[in-house]
Structure formats: C-alpha cells, structure tokens
Amino acid sequence: MASVTTESERRNLSRAPAVEVENVVRRFGDVEALARVSLTVRQGEFFSLLGPSGCGKTTLLRIIGGLDVADEGTVRIGGVDMRAIPAHKRPVNTVFQSYALFPHLTVRDNVAFGLRMKRVAPVEIARRVAAVMEMVEIAELADRKPAQLSGGQKQRVALARAIVNEPQVLLLDEPLGALDLKLRKQLQVELLSLQRRLGITFIYVTHDQEEALVMSDRIAVMRAGRIEQMGDAEALYERPRNRFVGQFLGSVNLIDATVKRREGDDLWVETEVGTLRVSANGQTSPAAQQSKFTLAIRPEKVSMFPATEGVGENRFRVRVEELIYIGSETHYLLRAGSLTLRAEVMNVRVGSQGFDLGQEAMVYLPPGGLIILDD
Amino acid sequence: MQVRYGERLTPWGEVWRSALTSGPGIAWVTIFLLLPLVAIFVISFLSVGEDKPADLPFTLENYTRFFGFGYFGFDPLYPVIIGRSLVLGAGTAALCVVAALPLAFFIAALPGRYKNLALTLVIIPFWTNLLIRTYAWQILLAPHSLLANAAAAWGLVPAGHALYPSMMAVYLGMVCDYLPFLVLPLYSSVEKLDWSLAEAAADLGANRVQVFRHAILPQITPGLVAGIILVFIPATGQFVIPDLLGGGKVDMVGNLISRQFGVSRDWPFGSAVAIWAMAIVMVGLWLYARQARKSGESIV
C-alpha cells in the first residue's frame with residue numbers, strides 16, 4: 001500500500017507546476033521590493049519577468065533561487081516547499097547578470113564546479129562537462145581563464161556552468177544585458193532553441209520588452225513590486241490592461257473617452273476627435289462598465305487615407321506634423337484639434353509613399369483596435 | 001627624443017630625471033641595507049681577531065660551527081635555536097590568521113565611517129613602545145591580577161600564581177604585537193571581495209565550507225599571504241617578548257645573534273647565523289608562497 005501512495009505522490013509531484021510563488025513579500029527597510037507577488041510557472045515553460053529597473057524582478061528571481069529570503073509568502077519548486085531549503089540544495093541554477101565566473105578557474109573547471117560540489121564521479125563529470133561545452137560551442141576555450149574571454153564567450157560559459165547540473169528550473173538574470181545588439185539577437189535565438197531542446201523550465205529576467213516578446217511563452221510585467229499583467233506576448237501587446245503595460249510594451253496613443261451609448265458588444269464614446277465606436281468584444285477591463293475611461297490604440301492600427309475621402313464612422317481629419325521615413329515604414333505624428341496621434345504605416349505601395357509634412361489626411365481607428373484601460 | 005605621456009624628453013633628460021626622483025631611495029637602500037648586508041656576508045667568512053671583533057684569515061668554520069661541529073664535538077644547539085624561532089614565528093602567524101580572519105570580515109562589514117574607526121583601533125597599539133606593551137602584559141598577568149584570579153577560579157593555576165612566564169603568555173604578547181600586520185593586508189583583500197562569486201558557488205551546490213574554500217579563499221589569498229609574511233619574518237627574529245614573558249630561559253635566534261655582536265664579541269659567527277637565518281626564512285617563504293598560489297588556483 002505504502003508504495004502505491006508514494007507512486008501516486010511522485011506522479012502528483014511530476015505534474016506539479018515548475019515554480020509556484022504565493023503572496024511573496026520582501027521589504028528592504030521601508031521599501032516593499034515585492035508586495036504580495038503570486039505566479040505559477042508551468043513545466044518546460046519559458047517564462048519572463050519584465051519590468052523597469054527597481055521593479056523587483058531580480059529580487060523575485062533571487063528568492064526563487066534561495067539567494068534572498070522572502071519576509072512573507074511561499075515558494076514551491078516542483079511542488080516542494082522551499083522554506084527550509086538553502087540555495088545549495090535547491091534544484092535550480094542561476095545565470096548571473098555579471099556572469100560571476102570563478103576567475104582563478106579555467107573554463108572547464110568553472111563548468112565542472114557544480115558537479116564537483118555534488119561529488120559526482122570524475123569520469124561522469126568529464127563526460128557531462130565535455131558534452132555541455134560542445135552544446136554551447138565553448139569546447140575550444142576549455143583551458144582558458146575567464147579574463148581571456150569576450151563578453152559573449154563568458155555568457156556561454158555561465159550558461160554551460162548552470163545547465164550541466166540539469167536543474168529543474170534555470171533562472172536567468174538579464175543574461176544578455178551586457179552584450180551588444182547583434183550578439184544579443186543571435187544569443188536570443190540560441191538560448192530559445194537550447195531551452196526547447198533541453199526541456200528545462202526557464203525563468204528569464206529582462207527589462208527589454210522586445211527580448212521578452214521574442215522569447216517567452218508567457219510574460220509577467222512588473223512595476224514597483226507588483227505584477228501588472230501576466231500572459232503570452234500577443235495578449236499583453238494586443239490587450240494591455242493599463243497605461244503602464246501598454247507603454248512598456250511598445251507605444252500607444254491614449255484618448256480620453258466618455259460613454260454615450262451602449263448597444264450589445266459596442267460602445268459609442270465621446271472624445272476630442274468626436275464620437276468613436278469601440279468594440280467591447282474581448283475587452284476584459286472592468287473600466288468598460290464605467291462611464292469614463294482611457295482608450296489606447298497602437299500606432300500601427302491607425303490607418304491613413306487621402307484627405308479627399310469622406311468622413312465616416314471612426315474617421316476624422318488630421319494634419320501631418322512630423323514624419324520619419326525608415327524605409328519599410330513611415331512614422332507620422334498627426335494632429336487633430338488638441339489630440340496628437342502617432343501612426344505607423346507600412347510602405348506597401350510601389351513608388352511614392354503617403355503624405356507630406358503639413359498635408360491634411362484622413363485617419364481611421366478600427367473599433368476592435370481601441371483598448372479600454374484600467375487607468 | 002622620447003615622448004613619455006605626451007612629454008618630450010632628451011635621453012639625458014630622462015636619465016637626469018630618474019636619478020632625481022628614484023636616486024634618494026636607491027641611495028638609502030644601498031647605504032643602509034645593501035652595504036651592511038655585503039659587510040655581514042664578508043664578515044661571516046672571517047675569524048675572530050686578537051683585539052678586533054673580526055680579522056683575517058678567511059674561513060668556513062663559522063658556517064660549520066652553526067651545525068654543531070664546534071670545539072666540544074657535535075652539538076645541535078644552534079639548529080635547535082633556529083627551529084625554536086621558526087616555530088615561534090609560524091605559531092604566531094597561525095594564531096594571528098585565526099584572530100585576523102573574523103576581524104577582517106567584521107570590519108569590512110561595518111558601515112563606512114565605523115570602518116575607519118575600527119582600523120584605527122587596530123593600529124593604536126603601535127603608538128606604544130614594544131617594551132612598554134610587553135611590560136603591560138606582565139602587569140595584566142601578574143599574581144592576583146584579574147586574569148590570574150579568573151584562571152585560579154577555574155582551577156587552571158594555583159591561587160596567587162602569575163600567568164607568566166609561560167608559552168601562553170609569550171604567544172599572547174606575540175599575537176597582540178603582530179596582529180595588525182595581518183589584519184591590514186587581509187582587510188584590504190576582504191574589502192574588495194566579489195560576493196557574487198560566493199552566491200554563484202552556493203547556487204551551484206556548495207555548502208558554507210565549500211563556499212569559503214572555493215569562492216572566498218582564492219580571492220583573499222593575496223592578502224593572506226602578504227599578511228603571513230609580514231608577521232612571520234619579524235616574529236621569527238623576535239626575542240624581547242619570549243624573554244620578558246617566557247622567562248628568558250631559552251635562546252631565540254634573535255638573542256643568539258645579538259649576543260655574538262655584544263658580550264661574546266664574535267662578529268663572524270654572529271654574521272654566519274644571521275645569513276643562515278635569512279636564507280632559511282627566505283627559502284621557506286618562497287616555498288610557502290608558491291604553494292599558496294598553487295592551492296589558490298586548484299579546485300579540490
């Protein structure tokens with residue numbers, strides 16, 4: 001009987017989420033670095049913590065890794081409460097922002113460090129270290145010291161040193177933060193394919209919204225110790241819950257609106273540019289029930305037409321105040337009365353594109369592209 | 001014409017400037033260190049003269065005598081004295097390491113302005129003369145002193161007994177005297193510690209002892225080695241403290257040498273002992289530094 005119980009327990013554990021964080025609070029003096037943060041990371045997921053510096057994302061990562069301790073709340077890894085388990089016994093490994101490679105050890109010894117601490121047999125260590133160094137393409141650097149490596153190479157060593165231990169969860173603290181843009185793009189792709197191949201759960205801290213969008217299965221956007229919104233890249237981008245999320249992931253136009261009429265899924269609202277129809281279909285914001293709220297629309301959702309076209313629903317006249325031509329797109333700054341509007345238009349036509357400075361134009365805001373914000 | 005840091009210098013101009021800036025230092029070291037060393041080296045091969053402390057002919061006898069082949073047959077007296085001094089130096093260095101490690105970490109962890117205060121407190125004993133400090137220990141360890149009474153209450157010594165002369169008193173005085181030499185270089189290493197390496201080690205499965213051994217110790221090894229050398233060399237030559245707190249019953253290499261140049265008036269032998277002591281200490285330190293460097297780099 002006992003063995004049956006443990007077997008089912010084991011099955012339960014293996015089905016448990018990779019990481020569960022419940023109501024975690026962390027204070028530094030009077031400052032709440034984390035204010036009741038809860039989140040669940042699924043097995044094998046690439047999960048990103050995204051936010052500006054000082055939002056608490058690194059603190060949360062350190063608490064999961066055991067390098068910092070929560071004042072309140074619970075952290076479970078693979079269903080096991082981590083309260084009494086110190087960092088060196090947790091089934092996680094960290095890739096540090098500063099890499100934190102041991103300067104007195106060679107690349108090979110750096111990578112072997114974790115396995116040596118766990119007293120794995122030397123033959124086994126040699127085999128696994130060689131395999132991982134091959135995987136992240138640092139085999140030829142094996143006998144170098146960290147001081148003899150470039151930034152990108154150090155990054156690879158830090159990664160190899162962590163994944164050689166086959167952790168349940170890999171914690172990455174802005175691992176690409178110190179690298180130049182080109183190398184960063186390349187390593188993003190490599191990191192993602194490595195994660196898919198290994199099937200290890202990744203928790204990835206970054207302040208770079210594009211990086212988070214490109215790599216993550218799900219993202220938690222953080223601000224001032226709280227999670228503002230959690231979801232996959234598309235949900236966050238297309239349906240930001242508030243101004244902060246909308247502005248942190250890309251750019252948005254904000255329009256103040258007063259509700260005039262509701263009909264089924266549609267809302268008619270009064271704005272600075274006249275009456276607009278808003279499709280409430282798929283809008284989750286509780287503000288949709290209020291009589292006043294702020295609308296957001298992404299610049300690329302704004303369509304532009306020649307001024308000769310007639311006025312109609314969600315259409316109004318604007319003047320081109322500024323334009324930036326960047327080849328594939330043209331970015332416009334448009335003015336309609338007191339409202340300024342950003343529009344990004346793909347240059348799909350052959351030959352001369354769009355509109356000139358000071359010219360009048362007509363814009364259309366699609367009802368489904370107008371997002372109702374909480375604040 | 002040479003350009004140095006944007007300044008144009010003629011070859012002679014450069015020589016002249018070097019002489020001006022580093023000349024006094026070189027002259028000082030030459031006159032007060034190198035020449036006396038050469039003199040000692042030469043004297044160590046001379047014999048004792050009739051009315052002079054050293055005279056011709058040249059001889060190797062001073063060196064062989066050191067190993068105990070003297071007038072009265074074989075007697076390893078002098079190697080024993082050297083050995084005793086080395087033990088005293090090594091023991092003092094070891095005790096200083098034990099005391100300085102926690103102290104250095106403690107001071108480094110203090111908030112900014114308390115750091116300087118703490119460092120000043122470490123240095124303050126230097127403001128007092130060595131002899132006075134050592135006599136002060138005699139008072140502190142005298143019969144019916146606070147410490148002696150406490151030791152008697154614990155049954156460690158009979159009531160009314162002094163705690164000196166004893167080996168404990170000697171090491172107490174030695175550690176008190178040499179601790180700052182170890183604390184200061186060690187502190188400067190601890191101050192610069194990269195703690196993210198300690199976190200990385202813990203993250204990779206190292207327990208507290210392993211974190212210290214593999215992530216902290218390699219970083220503070222330079223300061224530790226420098227401090228140990230700074231303590232070990234003078235502690236080996238120390239004889240005032242063993243005299244005053246150890247009862248003066250045994251010879252140290254320091255008073256052996258000083259006696260040759262004093263009452264015994266045997267400058268050649270004194271010089272030979274000095275050369276031997278210097279050679280042994282230097283070889284020992286070289287081996288030690290090499291080993292420390294190696295162990296700082298190896299992993300297990």
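Test of understanding: express the Cα radius of gyration of chain B as a ratio to 2.2 N^0.38 Å, with N the residue count. Don't jump to the answer; show the numbers that get you there.
Details: Rg = 24.5 Å, N = 300, 2.2 N^0.38 = 19.2 Å.
Computed over Cα atoms of chain B, the ratio equals 1.27.
In this structure the amide hydrogen of A:PHE316, modeled in the peptide plane, comes within under 5 Å of the amide hydrogens of A:VAL363, none closer than 5 places in sequence on its chain.
Within straight-line reach of A:LYS260, meaning a Cα separation under 24 Å, sit the following lysines at least 8 residues removed in sequence or on another chain: A:LYS292, A:LYS301.
Helix A:107-117 and the longest principal axis of the Cα set of chain A meet at an angle near 70°.
Within region A:259-303, all pairs of alpha-carbon atoms sorted by distance into 5 Å bins from zero give the percentages 5, 18, 32, 28, 14, 3. Burial annotation for region A:151-182: residues with an accessible-area loss of at least 10 Å² between the isolated chain and the complete set of protein chains, computed on heavy atoms with a 1.4 Å probe, are A:ARG161.
Using 1/(1 + (r/R0)^6) with R0 = 60 angstrom and r between the beta carbons of A:SER193 and B:LEU110, what's the FRET efficiency to the nearest 0.05? Efficiency, from the Cβ-Cβ distance: 0.80. Couplings 3J(HN,Hα) of region A:136-141, computed from phi: 9, 6, 10, 4, 6, 9 Hz, in residue order, whole Hz [Karplus 6.51 cos²θ - 1.76 cosθ + 1.60, θ = phi - 60°; x for Gly and Pro].
Under 5 Å from the amide H of A:VAL95 lie the amide H atoms of A:LEU171, A:LEU172, A:ASP173, each residue being 5 or more positions distant or on a separate chain, with H modelled from the backbone and absent for Pro and chain starts. Relative to the longest principal Cα axis of chain A, at what angle does helix A:151-163 sit, 0 to 90 degrees, rounded to 10? Roughly 60 degrees between the two axes. Based on the Stokes-Einstein relation at 25 °C and a viscosity of 0.890 mPa s, and on the Kirkwood radius from alpha carbon pairs, region B:31-179 is assigned a translational diffusion coefficient of 122 µm²/s.
Based on the Stokes-Einstein relation at 25 °C and a viscosity of 0.890 mPa s, and on the Kirkwood radius from alpha carbon pairs, region A:132-231 is assigned a translational diffusion coefficient of 168 µm²/s.
Averaged over its residues, chain B has an accessible area of 57 Å² per residue, based on protein heavy atoms and a 1.4 Å probe. Probing with 1.4 Å while keeping every protein chain in the model, the per residue accessible area of chain A equals 47 Å². Pairwise Cα separations in the protein assembly as shown fall into 10 Å bins from 0 onward with the following percentages, short to long: 3, 10, 14, 15, 14, 13, 11, 7, 5, 4, 2, 1, 0.
For the protein assembly as shown, with all protein chains present and a 1.4 Å probe, just round the carbon and sulfur fraction of the accessible area to a whole percent.
That fraction is 61 percent.
Return one quarter of the surface area of the convex hull spanned by the alpha-carbon atoms of region B:168-300, equal to its mean projected area, in nm².
Details: hull surface 40.0 nm².
The number I arrive at for region B:168-300 is 10.0 nm².
Against chain A, whose longest principal axis is taken from its Cα atoms, helix A:2-15 shows a tilt of about 40°. Simple spin-label estimate for B:LEU287 and B:ARG4 gives 4.2 nm between the two label positions (7 Å along the Cα-to-Cβ direction from each Cα). For region A:156-284, a crude dipole built from +1 on the beta carbon of Lys and Arg and -1 on the beta carbon of Asp and Glu, taken about the Cα centre, is about 200 debye to the nearest 20. Per residue, chain A reaches -8000 deg cm²/dmol at 222 nm when only DSSP H runs of four or more residues are counted, each adding -39500 (n - 2.57).
Checking the Cα-Cα distances for A:LYS57/A:LYS182; A:LYS145/A:LYS185; A:LYS89/A:LYS118; A:LYS57/B:LYS192; A:LYS154/A:LYS185 against a 18 Å cut-off, the pairs over it are A:LYS57/A:LYS182; A:LYS145/A:LYS185; A:LYS57/B:LYS192. Charge tally for A:TYR325 (other residues, Cβ to Cβ under 14 Å; Lys, Arg +1; Asp, Glu -1): -3.
Could you give log10 I(q)/I(0) at q = 0.11 Å⁻¹ for region A:16-243, computed by the Debye formula over C-alpha point scatterers of equal weight, without solvent? The Debye formula, applied to the Cα set alone, gives -0.54.
The values are calculated or read from the model by the stated rules, or taken from the named source; none is laboratory data. In this text, all values refer to a predicted model and were calculated from it rather than measured experimentally. Ideal geometry is used to build each Cβ from the backbone, glycine not excepted, and the neighbour counts take in all protein chains shown. With ligands, DNA and RNA removed, areas are computed over all heavy atoms of the protein, side chains included. Shrake-Rupley method; radii C 1.70, N 1.55, O 1.52, S 1.80 Å.
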